[in-house]
Each structure stands twice: as structure tokens, then as C-alpha cells.
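J.: Here it is: the structure, laid out below.
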Amino acid sequence: MSDSPHSLFDLSGRVALITGGSVGLGRQMAEALAQMGAHLVLCARKLDRVQQAAEELKQLGSQTLALACDVKDPASIQSAVDAAIQRFGHIDILINNAGTSWGARTEDMTLEQWNKVIETNLTGTFLFSQAVGKHMIPRRRGKIINIASVAGLRGSSPEFSAIGYSASKGGVILFTRDLAHKWGMHNIHVNAIAPGWFPTDMSAKIIERNKHRLLADIPLGRFGGPEDLKGAAIFLASDASNFVTGHTLVVDGGQSA
Ligand SMILES: NC(=O)c1ccc[n+]([C@@H]2O[C@H](COP(=O)([O-])OP(=O)(O)OC[C@H]3O[C@@H](n4cnc5c(N)ncnc54)[C@H](OP(=O)(O)O)[C@@H]3O)[C@@H](O)[C@H]2O)c1
């Protein structure tokens, strides 16, 4: 008889690096993994917010490391990964969560605006996966979780004018599927989460402006809350998902059903 299924979700002693782990959905997932016993490496550009989150999450009993990093900058990514390895010796879980958006009509969007979104959301996910993957490959274990979006599953109406964002998230979903094929041989699991609408710094204004219309499209009749991403993150970070790779887990209250 195998152990209790509870142990499948246990993350005691595992090391998780979460980009953009200071606030919003990254902070929520960091809390979830710490509650299951993981140690945390949090990074984002504004170090004070990362330090504050790391200090708060330490109260849950996990060790935490707060780092400044910009996922648009390969040197900054490498130094964050080096610092994490130096402190903990390895990384078991990588959550590529750092993200940004830019609202502009497609015909007006500048190349600079487009590039900023693609470099953060898509290229940053590639560069971080590469830098961490080099350490996961020889250990023959690793869980990579890429934060996509339901915006990456299909087109949206002209009022939600952020074509660089949806293109980047569509790219993250296919990057996830392809990397799962490439690194399955190394026993590295690569999955994505596609959240629907969660009120955060990034989404608060759009949600405020379009509240009733957005809610009408969500079968569960509400936006995502502070616990709603935790189960998906724990599942994909833990042994409970050991036969799952290349999957995009949609957490959207049924919006895309
Ligand atoms: N909220 C939603 O409704 C929703 C829905 C679907 C998908 N998502 C995705 O979920 C992820 C988190 O979004 P959120 O809503 O939690 O947004 P948020 O509250 O604005 O948080 C974004 C996080 O990413 C960090 N970040 C941004 N640019 C970065 C960069 N260049 N380098 C390193 N860190 C960077 C931010 O910290 P600094 O500014 O200090 O760098 C912050 O920690 C994103 O990938 C987003 O696309 C969100």
C-alpha cells in the first residue's frame, strides 16, 4: 500500500524560485508553497517589496531569500539563479510568474511597447527556464510552472486591447508544451497555469471599469480570490502531478468553458 495521498502534495524542504513573487498572484503562490513546506526564493525588480514578502512568508516556517532581478536582463537572471544555488544548493521548482501588459489599439502600439511585453512575459520565461534548467537536468528532477493567461487561449474583443499580452501568453502556452517534449527525458515537468480575472495591481483598473460585463462571462459569477490559485500551484509543484507535463491548467471560474 502506498503512503497517504496527502504526502503527494508535501513540499517539505523543496526549494521554489518564484519570479514576481513579491505581490499579486506570485505572492499568493509563494504563500501556498511555503504552507506546504517549501523554501522560497523570491525575485522582482523592486527589492523592498520582495524583502517585505520574504519577511512575512518566513513566519510560515520556511527559509526565504529575497533578490532583485529583471527578467528582461539575462545577466540579472543569471545572478539570481547563482544566488539561489549558492544559498540552497539546488532549485526544485521554478514558477515563471513575472509579467506585464500594455494597453493600446493594435494600430497604435509602438514596437517599444510590444517588445517590453514580449521580453518580460515570453523571453523572460525562456531565459529563466534555461538558466534554472541547466541545474535541473543533471539532477534529473524539476518542476517548471509558467503563468500564462486565458488571454493566451483565444482572441478578445477590441475593448481589451493588449495584443502583445495575448500573443505573449499564447507563446508561453506553446513554449510550455514544446519544452515538456524536450525535457521530459530529463524528468523535468513543464506545465502552465492560465488564470482568468484576479484583481491585482495589473488588472484592478480594467476589472473596475468593466466589472459587470466581465462577471457576466464567468459562470461561477466572481473574480479569482486570494486562495484560488493555490491548489493549482501546489498540484503542479508537487509529486501529485508526476505524470502530468505539457499541460495548461485553466483557473478562471469557467470563463473559457
Ligand atoms: N491578475 C490577473 O487577472 C491575471 C490573469 C491572468 C494571468 N496573470 C498573470 O499572472 C502573473 C502575475 O500577475 P499579477 O496579476 O500578480 O500582476 P502584478 O500584481 O502586477 O505582479 C507582477 C509581478 O511581476 C513582477 N515583474 C514585473 N516585471 C518584471 C520584470 N521585468 N522582472 C522581474 N519581475 C517583474 C512585479 O514586480 P516588480 O514590478 O517589482 O518587478 C510583480 O512582482 C503575470 O504573468 C500575469 O500576466 C494575471
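Every number here is computed from the coordinates shown, using simple stated rules; none is lab data. Quick caveat: nothing in here was measured; it's all calculated off a predicted structure. Note: ideal-geometry Cβ built from the backbone for every residue, glycine included; neighbour counts use all protein chains shown.
J.: Scan region 1-11 residue by residue and report those that are part of a loop (DSSP other than H, G, I, E, B) and loosely packed, with under 15 Cβ neighbours inside 10 Å.
T.: Met1, Ser2, Asp3, Ser4
J.: Same structure again: Where in region 43-148 are there helices (runs of 4 or more DSSP H), lying fully within it, with 2 or more residues that are out of contact with any strand residue (DSSP E or B) (no Cβ under 6 Å at 6 or more places or on another chain), more than 9 Å from the ligand (Cβ to nearest atom) and β-branched (Val, Ile, Thr)?
T.: Per the criteria, 74-88, 111-118.
J.: Within 15 Å of the ligand (Cβ to nearest atom), under 23 Å from Ala180 (Cα atoms) and assigned to a strand (DSSP E or B): which single residue out of Leu17, Leu40 fits that description? Quick ask: steps written out before the conclusion?
T.: Details: Leu40 fails: under 23 Å from Ala180 (Cα atoms).
Only one candidate passes the filter, namely Leu17.
J.: Taking the condition of being within 11 Å of the ligand (Cβ to nearest atom) and part of a helix (DSSP H, G or I), how many residues in region 149-179 meet it?
T.: Looking only at that region, the number is 8.
J.: Write out, first by first residue and then by second, each pair whose Cβ atoms fall under 9 Å of each other, whose residues are 6+ apart or on separate chains, and whose first residue, in region 191-216, is among the charged types (D, E, K, R) while the second is within 12 Å of the ligand (Cβ to nearest atom).
T.: Listed pairs, sorted by first residue: Asp201/Val23; Asp201/Gly24; Glu208/Pro199; Lys211/Phe223.
J.: Residues of region 12-33 being among the aliphatic types (A, V, I, L, M) and crowded, with 24+ Cβ neighbours inside 10 Å, which ones?
T.: Within region 12-33, Ala16, Leu17, Ile18, Leu25, Met29, Ala30, Leu33 meet the criteria.
J.: Can you list residue pairs whose Cβ atoms sit under 8 Å apart, with the first residue in region 46-58 being free of Cβ contacts under 8 Å to residues at least 40 places away in the same chain and the second being assigned to a helix (DSSP H, G or I) and among the acidic types (Asp, Glu)? Count only pairs 6 or more apart in sequence or on different chains.
T.: That search, which allows pairs on different chains as well, returns Leu57/Glu31.
J.: Can you give me the number of residues within region 209-257 that are under 30 Å from Ser4 (Cα atoms) and assigned to a helix (DSSP H, G or I)?
T.: Within region 209-257, residues that are under 30 Å from Ser4 (Cα atoms) and assigned to a helix (DSSP H, G or I) number 11.
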